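Structure first, commentary second.
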Ligand code: ZN
């Protein structure tokens with residue numbers, strides 16, 4: 001089971017979130033047959049989005065977009081307090097660096113990170129920042145500092161097995177609140193500098209609590225544990241509305257040419273079949 005732990009440290013002036021997302025990322029890797037660069041980029045984006053979904057109150061929805069110009073294309077993640085679904089344009093990307101390691105920076109490319117928050121107010125709130133590195137971790141660290149004015153540190157990792165399946169996935173987010181003393185920040189930086197890269201920790205099976213322990217030198221107060229899971233709210237009724245919005249002319253074309261419509265959900269790959277009678281019924285309602 002994937003889950004997140006939320007903790008305070010440094011006299012409650014620092015918030016830490018750590019998450020394991022192996023099950024969710026494995027689901028997407030298998031369902032969409034993701035290749036290595038795609039898997040790692042998507043897994044990291046899914047992890048930080050899952051964490052961000054737990055930084056707001058229940059019921060508030062977040063849509064997070066990584067809009068790079070690299071071969072991966074656009075990554076879209078929706079997150080609401082532990083329930084997450086995501087989509088990437090091109091799951092079939094595998095680029096390597098000269099040393100044989102998997103490249104994601106070029107696979108993502110240049111562009112923008114966009115975060116749309118629906119906090120149940122009248123208008124959703126959008127904020128964005130540049131993709132400065134393309135490794136997701138540094139890009140979101142920059143996003144929090146620049147767009148949300150919260151000094152933050154993000155560490156994300158996805159480890160793959162030899163057959164490219166997901167071995168482990170997860171990460172952390174550290175956020176410094178106003179009033180945090182400089183000496184606290186120095187202490188955290190010190191702990192972080194002594195830590196192994198998060199990919200290695202995840203690979204070695206560290207739990208969220210153990211990661212929080214390393215970051216804080218075991219001086220923390222656990223606040224909450226939240227289950228993280230893939231959840232898609234697609235339904236035949238939703239896709240029926242989508243078809244209806246295409247209009248009479250387009251639907252009549254589909255009816256005359258194909259006599260049916262099959263629609264696959266981008267987020268979970270579930271298929272919905274609309275028969276000739278279904279299509280006639282939708283057209284009749286227009
Ligand atoms: Zn779906």
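Computed from the coordinates by the stated procedures, all read-outs in this text should not be read as laboratory data. Values in this document were obtained by computation on a predicted structure and should not be read as measured data. Cβ sites come from the backbone with ideal geometry, for glycine too, and all protein chains shown count toward neighbours.
For the chain, the spherically averaged projection of the C-alpha convex hull amounts to 17.2 nm². Once the Cβ-Cβ distance of residue 252 and residue 132 is raised to the sixth power relative to R0 = 51 Å, the FRET efficiency obtained is 0.55. Label positions at residue 97 and residue 264, each projected 7 Å from the Cα along the C-beta direction, are separated by 3.3 nm. Taking the helices alone, the chain has a mean residue ellipticity at 222 nm of -10500 deg cm²/dmol, built from -39,500 (n - 2.57) per DSSP H run of at least 4 residues and averaged over all its residues. The angle between the Cα long axis of helix 137-147 and the longest principal axis of the Cα atoms of the chain comes to about 90 degrees, rounded to the nearest 10. Axis of helix 276-285 versus longest Cα principal axis of the chain: the two differ by about 90°, to the nearest ten degrees. Evaluated over the Cα positions of the stretch 236-285, the convex hull gives a direction-averaged projected area, one quarter of its surface, of 3.2 nm².
Using the Cβ-Cβ distance between residue 8 and residue 204 with R0 = 30 Å, the FRET efficiency computed as 1/(1 + (r/R0)^6) comes to roughly 0.70. A straight chain from residue 219 to residue 30 at 0.36 nm per residue would run longer than the Cα-Cα distance by 64.2 nm. When DSSP beta bridges are restricted to pairs lying wholly in the stretch 3-230, around 95% turn out antiparallel. The label-point distance for residue 119 and residue 231, in a model that sets each label 7 Å from Cα toward Cβ, rounds to 2.2 nm. When peptides 151-164, 18-31 are sorted by average Cβ neighbour count within 10 Å, with the highest value leading, the order is 18-31, 151-164.
Ranked by the mean number of other Cβ atoms within 10 Å per residue, highest first, peptides 137-148, 182-193 order as 137-148, 182-193.
Based on the Cβ-Cβ distance of residue 1 and residue 286, what FRET efficiency does E = 1/(1 + (r/R0)^6) give at R0 = 51 Å, to the nearest 0.05? E(calc), rounded to 0.05, equals 0.70. When peptides 113-126, 76-89, 38-51 are sorted by average Cβ neighbour count within 10 Å, with the highest value leading, the order is 38-51, 76-89, 113-126.
Whole Å is fine, so just give me how far the alpha carbon centre of the stretch 61-108 lies from that of the stretch 231-278. Value for the Cα centre distance between the two parts: 27 Å.
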